[in-house]
Amino acid sequence: MSNSTHEIEGVLAEFSNPYELLKAAEKIRDAGYKKFDCHSPFPVHGLDAAMGLKPSKLGWFVAMGGATGAAVALLMQWWMSAVDYKIVTSGKPFFSFQAFVPITFELTILFSAFTVVFGMLLLNLLPRLNHPVFNSEQFKKVTDDSFFISLMADDPQFNSEKVKEFLESTGGKNVEELNADE
Amino acid sequence: MKLDKQTFKLDRATGIGYFAIFAGIIGVAVCIFGFKKFHAQFFYAYLTSYIFWVTIGLGGLFFTLLHHLVDATWSVVLRRMTESVMAALPIMLVFFIPVCLGMDELYHWSHAEAVAHDELLQHKSAWLNPKLFSIRTLIYFVIWFIFGHFLYKISIKQDSEGDPEQKLKEKMRQISGPGMLLFALSITFAAFDWLMSLDPHWYSTIFGVYIFAGSLLSILSFITLLVVFLHKNNILNEEISIEHFHDLGKLIFAFTVFWTYIAFSQYFLIWYGNIPEETVWYLHRWDGNWYKVSLFIVFGHFVIPFLVLLSRVPKRNITMMTVMSIWMLVIHWVDLYWIILPNFNHHFHFSLIESVLNIATFLAVGGLFFAYFWFTFISQSIIPINDPKLKDSIKFVNS
């Protein structure tokens, strides 16, 4: 792999503990960078705020998913029991909302759960087969004992030399350029 | 009212306690009048108010037991409040005396002649008889007293002696294991005895859980309002943050759904089975104007709080949390009213006398219970100052 001809995809910096990671994320946020991400072996409390991330919109999608589930369940049961195949069951009316509640409840949960999983993938832009950070040898430590921040080249303020200096000034070590695959 | 920053005790706070006693005494005076004039009506109103305050007390006991069992962090700052409610619970044994006096009016099964003509009651009389009823009530209170007393005593000891090796904490946790088991059994049987036996032919095995759900909702709302009140007086503003409100809101939301799940499970099986001896209970709650109250509970106890508290925003808004807590306490009272009163007032008509009696009994039991709670509360530090997790609890954030 020859680096010189490759376009720079981003810059990676290593931090030795979650506290440094948090502080650096705050500085990067305050400097106005948008396209950066923190990588850690475990969840770090307060990182969302430090990175300037807004609360996820996923909840609203899930509420809509749940409402859809409830509506689908009620419509389905109404059509089955009161329209398409009417059978008197223990003397109850064809449309007995009481009998429909368990299914409605279950489908609400099911649709909500599906929306959570697929909405999460969608909002995270997943599935995605590769990412420039995986070309870094030192990045393998992220699943063990090290913390990283990657700042990507599609950020409007991106300038590789400036960003490298900046990441070093926030306390980042082993700052390296990330290159795309051949 | 002022907080001592060293001991975390409230200074010059007795006024609220005396005010509650004053309200209680006015209530008692009206109650005595009501008792003489409107015998049966008075006892039904009294039982409603009594159960309302007892469920708050039981909620305090449950919350404390749960806190220790799961070794919770966030609720450490609220622990002394629920402990004080729990410590005030034994006084409710005194307030049970009027219920015993009114047994004749309230509980059909206590009439010897009614039992003589009713085969079902004859079979049930081994369990449902006045003597055993009183003994069982005493047993419930002994259980609640023992666990409440020891947990409170150890907790106070932790304040004065410190707990560097977490031995006291561990001890409270060990007590809470059997405590939780006996709590579950005692609240179930108390609900059967005090409320379900109002209609002695009817039975529902989930009934105790139903009462428990209301009980937990009411203590969560009570604690929320207490914290709002303290914050208004600039007390514990730093120690109890919006994060704690958020968690209380989550629990109120969760147990609104839990209550609905239980309430619907009870209704659903009876509706499906369609056996007259079971459905009659719901029929009584649909007759006359009672259906309006039934629908009000469906919306007020489930639909409204569910929609309002679903999002994160209202749980982190103190005004919304205050409104919803008051609402949950009101609806809990309506729920109990709906369980108790159809046995007396078959068609549900508004009556001024009944309203006055409801308010009077509410003040009588509530005022004195609250005063007892309040004096217990201000006699000690209002947060457990030597709890090993106190600092984490103060700093706690929802992520």
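The values are calculated or read from the model by the stated rules, or taken from the named source; none is laboratory data. These figures come from a predicted structure and were not determined experimentally. When we count neighbours, we look across all protein chains shown, and the Cβ atoms used for this are built from the backbone with ideal geometry, even at glycine. These accessible areas exclude ligands, DNA and RNA; they are computed on the full protein's heavy atoms, side chains included. Shrake-Rupley method; radii C 1.70, N 1.55, O 1.52, S 1.80 Å.
Rounded to the nearest 10 degrees, the inclination of helix A:97-123 to the longest alpha-carbon principal axis of chain A is 20 degrees.
Among residues other than B:Trp281 with Cβ under 14 Å from its Cβ, the summed charge is -3 (Lys and Arg +1, Asp and Glu -1). When Rg and Dmax are taken over the Cα atoms of region B:41-86, they come to 13.9, 46 Å.
Chain B against chain A buries an accessible area of about 900 Å², both chains summed, 1.4 Å probe radius. Taking Cα atoms only, the orientation of helix B:76-88 departs from the longest principal axis of chain B by about 40 degrees. Placing pseudo-labels 7 Å out from each Cα toward the beta carbon at A:Leu110 and A:Ala63 gives an inter-label distance of 2.5 nm.
Net charge dipole, chain B: roughly 1040 debye, given to the nearest 20, about the Cα centre with Cβ charges of +1 for Lys and Arg and -1 for Asp and Glu.
Sparsely packed loop sites in region A:47-113 (the chymotrypsin sites (Phe, Trp or Tyr not before Pro) outside DSSP H, G, I, E and B with at most 10 other Cβ atoms within 10 Å) comprise A:Tyr85. Each semi-axis of the equivalent ellipsoid for region B:316-387 is √(5λ) with λ an eigenvalue of the Cα gyration tensor; in descending order they amount to 33, 18, 11 Å.
The alpha-carbon atoms of chain B define a convex hull whose volume equals 138 cubic angstrom per residue. P(r) tail, region B:276-365: Cα-Cα pairs separated by more than 22 Å, 40% of all pairs. Projected onto planes of every orientation and averaged, the convex hull of the alpha-carbon atoms in region B:79-152 covers 5.7 nm².
Excluding ligands, DNA and RNA, the accessible surface per residue across region A:58-123 is 65 Å² with a 1.4 Å probe. In plain terms, the C-alpha convex hull of region B:253-310 casts an average shadow of 4.0 nm² when viewed from every direction. Computed from the Kirkwood radius of its Cα pairs, the Stokes-Einstein diffusion coefficient for chain A at 37 °C and 0.692 mPa s stands at 164 µm²/s. Here region B:161-291 is treated as a sphere whose radius is the Kirkwood value from Cα pairs; by Stokes-Einstein at 37 °C and 0.692 mPa s it diffuses with a coefficient of 181 µm²/s. Across region B:134-173, Cα-Cα distances exceeding 12 Å account for 61% of all pairs. At q = 0.18, 0.22 Å⁻¹, what log₁₀ I(q)/I(0) does a Debye calculation on the Cα points of region A:1-105 give, no solvent, two decimals? Per q value, in the given order, log10 I(q)/I(0) is -0.94, -1.11. In this entry, region A:58-123 is assigned a mean projected area of 4.6 nm², taken as a quarter of its C-alpha convex hull surface. In region B:135-234, the alpha-carbon atoms span a convex hull of 133 Å³ per residue. Computed log10 I(q)/I(0) for the protein assembly as shown at 0.10, 0.12 Å⁻¹: -0.99, -1.24, from the Debye equation with unit scatterers placed on every C-alpha and solvent omitted.
Equivalent ellipsoid of region B:357-399: semi-axes from √(5λ) of the C-alpha gyration tensor, largest first, are 34, 15, 5 Å. Taking the longest Cα principal axis of chain A as reference, the axis of helix A:160-169 is set at about 90 degrees.
The figure for B:Thr279 is an accessible area of roughly 40 square angstrom, using a 1.4 Å probe on the protein chains alone. In order along region B:122-138, the Karplus-derived 3J(HN,Hα) couplings, from 6.51 cos²θ - 1.76 cosθ + 1.60 at θ = phi - 60°, round to 4, 5, 8, 5, 5, 9, 8, 9, x, 5, 5, 4, 5, 5, 4, 4, 4 Hz, and Gly and Pro are given as x. Taking amide H as placed 1.01 Å from N in the peptide plane, the amide H of A:Glu9 sits under 5 Å from that of A:Leu178, A:Asn179, A:Ala180, each at least 5 places away or on another chain. For region B:247-261, backbone phi angles converted through the Karplus equation (6.51, -1.76, 1.60; θ = phi - 60°) give residue-by-residue couplings of 5, 4, x, 4, 5, 4, 4, 4, 7, 5, 5, 4, 4, 5, 4 Hz, Gly and Pro being listed as x. For region B:275-317, the residues whose amide N sits under 18 Å from a probe point set 7 Å from the Cα of B:His201 along the beta carbon direction are B:275-288.
At a Cα cut-off below 19 Å, give the lysines reachable from B:Lys153, other chains included and same-chain residues fewer than 8 away excluded. Counting by Cα, and skipping residues close in sequence, B:Lys153 has these lysines nearby: B:Lys9, B:Lys167, B:Lys169, B:Lys171, B:Lys389.
Mind checking which lysines have their Cα closer than 20 Å to the Cα of B:Lys2? Skip sequence neighbours fewer than 8 apart in that chain. Reachable lysines: B:Lys232. In terms of overall dimensions, the C-alpha atoms belonging to region B:181-223 reach 37, 21, 14 Å along their principal axes, ordered largest to smallest.
Per the Debye calculation on region A:84-161 with a single equal scatterer at every Cα and no solvent contribution, log₁₀ I(q)/I(0) for q = 0.13, 0.23 Å⁻¹ amounts to -0.70, -1.12.
Taking the 1.4 Å solvent-accessible surface of the protein assembly as shown as the whole, the part contributed by carbon and sulfur is 66%. Normalised by residue count, region B:6-144 yields a Cα convex hull volume of 138 Å³ per residue. In order along region A:128-143, the Karplus-derived 3J(HN,Hα) couplings, from 6.51 cos²θ - 1.76 cosθ + 1.60 at θ = phi - 60°, round to 9, 7, 8, 8, x, 4, 6, 7, 8, 5, 5, 5, 4, 6, 5, 8 Hz, and Gly and Pro are given as x.
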